[in-house]
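Beneath this line is the structure, given in structure tokens, with notes to follow.
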Amino acid sequence: MKKSNFIQLDSLSLQDFDENSELIPLMTPEDEEQINNESLPESLPILPLRNTVLFPGVVIPITAGRDTSIKLINDANKGSKVIGVVAQKDEAVENPQAKDIYKEGTVARILKVLKMPDGNTTVIIQGKKRFKVNEIITEQPYLTAKISDLPEQKPEVDNEEFKAIIESIKDLSLEIIKHSPNIPTEATFAIKNIESNSFLVNFVSSNMNLKVEEKQELLKINDLKERALQTLKFMNLEFQKLELKNDIQSKVQSDMNQQQREYFLHQQLKTIQEELGGGVAYGEEVEEMRKRAKSKKWDDKVKTHFEKELAKMQRMNPQVAEYSIQRNYLDLFLDLPWNEFSEDQFDLKRAMKILDRDHFGLDDVKKRIIEYLAVLKLRNDMKSPILCLYGPPGVGKTSLGKSIAEALGREYVRISLGGLRDEAEIRGHRKTYIGAMPGRIIQSLKKAGTSNPVFVLDEIDKLSAGNQGDPSSAMLEVLDPEQNNEFYDNFLEMGFDLSKVMFIATSNSLNTIQPALRDRMEIIDVTGYTIEEKVEIAKRHLLPKQLKEHGLDGTALKIAKPQLEKIVEGYTRESGVRGLEKQIAKMVRHAAKNIAMEEDYNIKVTNDDIIDVLGSPRMERDKYENNNVAGVVTGLAWTRVGGDILFIESILSKGKGNLTITGNLGKVMKESATIAMEYIKAHAEQLNINPEILDKYNVHIHVPEGATPKDGPSAGVTMLTSLVSLFTQNKVKKSLAMTGEITLRGKVLPVGGIKEKILAAKRAKIKEILLCADNKRDIDEIKPEYLKGLTFHYVKDMSEVLDIAITNKKVKHAKTL
């Protein structure tokens, strides 16, 4: 039964049962008989009700909000106080017409009209008898209809079946009232005091929790016995629902009692801990953690582990050392981005624009990134590759990672691995130690806030083993796409999925990277820049950046391309642009000083201004030395800062044929000199060299810049050419540089670092380059504009090298032994 109607009963009908009440008392059989004998008027004003049905004899309050309804009530209250009440078919209809109301309704008498503080009108009405709408006469100002009586068919007085139905209705009503906490006990009093059977049926029907359509169907039934039977069916259904509801509430109440018991125990424990800990309250902290945990997207395994660890912290005394460790541990769980991913942006044209905007050149790297984006766009489940950008310092490897992150729309994370010796920096410490922390991988993911950032591992080649383990071995799991979906951190004590992270490692050298670690990465060469590229980078990026950092705008200083080229050639000696940026910063600082001191200066920088600010050019030594002395040869070398030219000098002195090698050379380079010397001794006749010279003169080979360590096999051809030039006293061809490894048979073998060496040759104004024929494939991969102005000689044998390099006199071809 509805709570609302019984509340109305409590507020209105309690006085109905009072003998001294001015309101009409409960309907008796005599009252019912008198009403049935009354004749109905031919027409009545019709009051549509939105969400209820009025039954004969029942008293209900109605709040009138429509203007038409208020006028109808006021007019009726001044007159006969009799109206027709009909239910609406759709309560959403604001101005119901004939089609919007049911045909059957109840004649009602207005008992009282109340003006409410909110401006609405509340009217208390009592149902009299049922009627049928035959025709709507008027619609304005309110509905008026012709009506006819709906006679009620009552069973015989001694009908035992009907009596049983009525008794069942009474008993079931009392049971419903008893088991329902929402119905006031006064309803029991009302049920017991109803004498009229038809009023009992109407009263119960009115107060049952039924839809308007179902109540309307009950009102339409003319046979009182049939209506009582249908009412009893609805009551049985409602009683079953009530029993089920009570059963559920009983179970819930039992669970709640258990929760309350646990709550009281926790409160007691909290009180004890506060007493022991000097009044420290931490219950709110635990609840806050539990609240934050509800929003996390972790799986059942992680959730169970977290709840277990949280319960452990709840039982701890806040004063013990383990409490802070446990709290930090749980904070890490809540801060990590479990299954939280940023959405990738697959606009490849936009990505290419971002890469071109931030970096000039580097076409191979950009091509690889766009390929990755294209595959990811098509499959959407590709595991992120492990890219390793390999090249000299200052070429933009680290900043390239930031551009990739922007192009992908991902978060950017960078950690520097240079000098890392402790394995715990990668895997974390076990949380049982005081001061334990997670590894830098997990810490960086926590800062990123997503599980798929672009992760730059800077200087991965500078990882080194120490007393605390080998960090490079710990990186194997991080960078293995087949394993890193369950990366285990010692502090976290659980696997964390790194498979969606895009790792980008940077390296200056591949030799120092552990072979197993290098095998897990895709190596992408980021070689040095040509002079032309450096000038463009300086113009597009470095100069605007330095002007902004020094508080100047683009009109404060202008450096034209010829002057930028002069700075590049005269003041920098590198493959990258870091040193170039420092020189440009000096020029900008000079302009800033003049502006601050209000002194005149040239906005358009001249060559003299460059010399005044930067001093005399210091990098002339890497220019080709057009030496007129036999025995001096220009070689090409690879260094960690890119390519460079290398001068090899040799000289004869009286002695016993000893060979001396200086210049801080490594073992391999010394062996190359020994091989070259032995080759000459074995082929002296073919080379037109007097064998006696080899026994009567000492040979000294020197490589300048003796403080710089040098090693590698690529200076073999250079040393051999230098010695032949020395022994034959024939000068080496002008503007020629060479690189290649030699064998005792006189074969020329290919070497690496070709692009860097070519760039170094261009910086030194070299015109011709001599290479092994097998290195032609490396030349084919270099852009044609890098090779402009260069002539290449591809050789397979040392005799070909000497034919090209030695001037004035042809040497005989050496026979292969």
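Just so it is clear, none of the values below were taken in a lab; they were calculated from the coordinates. Computed from a predicted structure; not experimentally measured. All Cβ positions, even for glycine, are placed from backbone atoms using ideal geometry, and neighbour counts span all protein chains on display.
Scoring 660-667, 683-690 by mean Cβ neighbours within 10 Å over their residues and listing the highest first yields 683-690, 660-667. Rounded to the nearest 10 degrees, what's the angle between the helix 363-379 long axis and the longest principal axis of the chain, both from Cα atoms, 0 to 90? Once rounded, the angle reads 30 degrees. Between Ile101 and Lys89, the built amide H atoms are under 5 Å apart, and every one of these is 5 or more places off in sequence or on another chain. Summing Lys and Arg as +1 and Asp and Glu as -1 over all other residues whose Cβ lies under 9 Å from the Cβ of Leu150 gives a net charge of +1.
Please give the helix 397-408 orientation as an angle from the longest Cα principal axis of the chain, in degrees from 0 to 90, rounded to the nearest 10. Between helix and principal axis, roughly 30 degrees. Of the listed pairs Lys367/Lys788; Lys353/Lys765; Lys593/Lys762, which have alpha-carbon separations greater than 30 Å here? Among Lys367/Lys788; Lys353/Lys765; Lys593/Lys762, the Cα-Cα distance tops 30 Å for Lys353/Lys765; Lys593/Lys762. Working note: 222 nm ellipticity from helices only, DSSP H runs with n ≥ 4, each -39,500 (n - 2.57), summed and divided by the residues of the chain, gives -13000 deg cm²/dmol to the nearest 500. The lysines whose alpha-carbon is closer than 20 Å to the alpha-carbon of Lys297, local same-chain residues fewer than 8 away aside, are Lys308, Lys446, Lys447, Lys500. Output the antiparallel fraction of DSSP beta bridges having both residues in the chain, as a percent to the nearest 5. Percent antiparallel among DSSP bridges in the chain is about 55. With neighbours defined as other Cβ atoms within 10 Å of a residue's Cβ, the residues Leu744, Leu172 order from fewest to most as Leu744, Leu172.
Could you state the angle between the C-alpha long axis of helix 160-179 and the longest principal axis of the C-alpha atoms of the chain, as a value from 0 to 90 degrees rounded to the nearest 10? Once rounded, the angle reads 50 degrees. Shown for Val795, Val699: other C-beta atoms within 10 Å of each C-beta, ranked fewest to most, produce the order Val795, Val699.
Beyond 24 Å in Cα-Cα separation lie the following of the pairs Lys128/Lys225; Lys303/Lys431; Lys81/Lys146; Lys89/Lys112; Lys377/Lys755; Lys397/Lys796: Lys89/Lys112; Lys377/Lys755; Lys397/Lys796. Highest average first, the peptides 206-219, 52-65, 173-186 ordered by how many other beta carbon atoms sit within 10 Å of their residues are 52-65, 206-219, 173-186.
In the list (i) 103, 32, 25; (ii) 48, 32, 27; (iii) 72, 39, 32, the label attached to semi-axes √(5λ) of the Cα gyration tensor in Å as derived from the coordinates here is (i). Coupling constants for the stretch 219-224 follow from the phi torsions by the Karplus curve (6.51 cos²θ - 1.76 cosθ + 1.60, θ = phi - 60°), and in residue order they are 5, 6, 6, 7, 7, 4 Hz; glycine and proline get x.
Peptides 128-135, 496-503 ranked from most to least packed give 496-503, 128-135, packing being the mean of other C-beta atoms within 10 angstrom over each peptide's residues.
Note on the stretch 583-609 and the stretch 656-717: Cα centroid distance 50 Å, given to the nearest whole angstrom. Based on C-alpha pairs under 8 angstrom that are at least 6 apart in sequence, the chain has a relative contact order of 7 percent.
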